[in-house]
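One structure below.
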Amino acid sequence: MDQSIVGQILEKQVLSVAKAVEDKLDEEIAALDRLDPDDIEALRERRILQMRRAAERRAKWRAQGHGEYGEVPEKEFFAAAKASERLVCHFYRDNWPCKVMDKHLSILAKQHVETRFVKVHAEKAPFLTEKLRIVVLPTLALVKNTKVEDYVVGFDELGGKDDFSTEDLEERLAKAQVIFLDGEGPANASKQGTKRSVRQSDTGNSSDSE
């Protein structure tokens, strides 16, 4: 096909798309023009109320320890589970796989303030580990409304190796509905770039049993 003809076709397509976008903008502007001052004020007040409620909710969560990832002793686990609607608890020991999990959970705790993230040293919590039947470390207990609804045991569901990304873990937690993918914290930079992973160890161990 002649280059000039191709150029004319492309130009028409571009103009057609531009016209459609322009028409859409005109429709939105016309819709705003049809609103009377009372409607605009009602929309403004509703939006302000939504923002205020969201801010109050985040402040309450942060007061309960949300937004940070830290250790709780065995005796405080049940109080933490009762205080927060959603809780992710990492049962760990001092080994490489658990340190890998720590790094990912530290990131997610800041991104998902709607959920509290804590860890419990399994060897210092014999009653709790037996009650929740924790055998493999690391294990994540996913708690909703004071009940353990699900577990992430080792790295089997995350590819079986320790080089899984934070997003892999995030998606697994979202599947269990213990976090929301859109989050409630700062903008999730992880979704805008490459997947983060922790450098794989020389041993390549994906988990450790008690």
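Relative contact order for the stretch 1-130: what is it in percent, counting Cα pairs under 8 Å that are at least 6 residues apart?
That works out to 28 percent.
Distance check, please: which entries in 110/131; 82/110; 99/119; 60/110 exceed 23 angstrom between their Cα atoms?
In this structure, 110/131 exceed 23 Å between Cα atoms.
Among 69-77, 52-60, 103-111, 148-156, what's the highest-first ranking by average C-beta atoms within 10 angstrom per residue?
Per-residue Cβ counts within 10 Å, averaged per peptide and sorted highest first, yield 103-111, 148-156, 69-77, 52-60.
Can you spot the lysines whose alpha carbon is less than 28 Å from residue 12's alpha carbon? Ignore those fewer than 8 places along the same chain.
24
Mind ranking 91-97, 78-84 by how tightly packed they are, going by the mean number of other C-beta atoms within 10 angstrom, highest first?
Those peptides, ordered most packed to least, come out 91-97, 78-84.
Quote the relative contact order of the stretch 56-176 in percent (integer), defining contacts as alpha-carbon pairs under 8 Å separated by 6+ residues.
31 percent
List the residues, sorted by chain then number, that are 5 or more residues from residue 139 or on another chain and whose placed amide H is less than 5 Å from its amide H.
91, 154
Once amide H atoms are placed 1.01 Å from N in the peptide plane, what residues at a sequence separation of 5 or more from residue 149, or on another chain, have their amide H within under 5 Å of its amide H?
142, 143, 144
Which residues' amide hydrogens lie under 5 Å from the amide hydrogen of residue 119, considering only partners 5 or more residues apart or on another chain, with H built in the peptide plane?
Under 5 Å from the amide H of residue 119: 70, 71, 72, 90.
Values quoted throughout were computed directly from the atomic coordinates according to the rules given, and no laboratory measurement underlies them. This is a predicted model, so every value here is computed, not measured. Note that we place each Cβ from the backbone using ideal geometry, even for glycine, and neighbour counts take in every protein chain shown.
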